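Structure first, commentary second.
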Amino acid sequence: MERAPAPGGPGHEQSTRYRHLQTLPTTPDAMLTWLRSQGEKGNEERDPDQDAFVLAAGLLNESLMPPDVSAGLFRATAKIPGVVVVPDAVNAAGKHGVAVARYDAYNPGLRDELIFDRKTLELIGSRSVATKATDSIEAGQVLSTSAVLERAVVDTKGRRP
């Protein structure tokens with residue numbers, strides 16, 4: 001199997017192929033254990049909870065994810081210490097969903113949010129929000145936002161869905 005680095009930073013070497021993603025745990029506790037096991041070992045400066053959140057975000061944003069694994073990632077990220085549930089978050093396309101959010105351990109003053117469809121728990125977008133005011137940024141200001149409009153699989157290279 002070809003191995004490619006998964007998004008998420010140092011220590012997160014994992015295949016992002018769909019067949020591999022199908023083998024990931026789907027229960028929240030098992031998924032959280034797996035996320036934490038992928039982090040960088042022996043580096044006291046790293047925050048394993050932040051790294052687990054970032055890895056989950058990277059996998060969800062960059063991969064075509066099996067629905068049960070996506071739901072497992074949503075539920076696992078909600079169990080990470082410091083994560084809060086935002087009952088009504090809006091993606092870049094204006095679609096409302098539920099988000100899991102975490103204050104960034106490496107960038108104080110920033111909260112990262114993963115926004116999910118309320119019914120399917122599939123990722124529909126993400127955003128970063130300033131939590132502290134600076135000279136040019138207001139607290140609560142959305143700094144970046146995205147929306148997942150469509151994900152699809154095609155049977156021929158170069159073909160669009």
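Below is a table of values for the structure above.
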quantity	calculated
Under Karplus coefficients 6.51, -1.76 and 1.60, residue-wise ³J(HN,Hα) of region 25-30 in Hz, glycine/proline x	x, 10, 7, x, 5, 5
Nonlocal amide H pairs with Thr16, under 5 Å, H built at 1.01 Å	Ala4
Using distinct alpha-carbon pairs, which all enter the 1/r mean, Kirkwood radius of the chain in Å	16.4
C-alpha center-to-center spacing [region 36-75, region 125-161] in angstrom	17
Heavy-atom accessible area per residue - region 21-121, 1.4 Å, Å²	45
Relative packing of peptides 75-81, 130-136 - highest average C-beta neighbours within 10 Å first	75-81, 130-136
Over the chain, relative contact order from alpha-carbon pairs under 8 Å, at least 6 apart, %	16
The chain - mean residue ellipticity at 222 nm from DSSP helices (-39,500 (n - 2.57) per run, n ≥ 4, rounded to 500)	-7500 deg cm²/dmol
For Ala105, net neighbour charge (Lys/Arg +1, Asp/Glu -1) across residues whose Cβ lies under 13 Å away	-3
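The values are calculated or read from the model by the stated rules, or taken from the named source; none is laboratory data. This is a predicted model, so every value here is computed, not measured. Backbone-built Cβ (ideal geometry, glycine too); neighbour counts: all protein chains shown. SASA here: full protein model, heavy atoms, side chains in, ligands and nucleic acids out. Shrake-Rupley method; radii C 1.70, N 1.55, O 1.52, S 1.80 Å.
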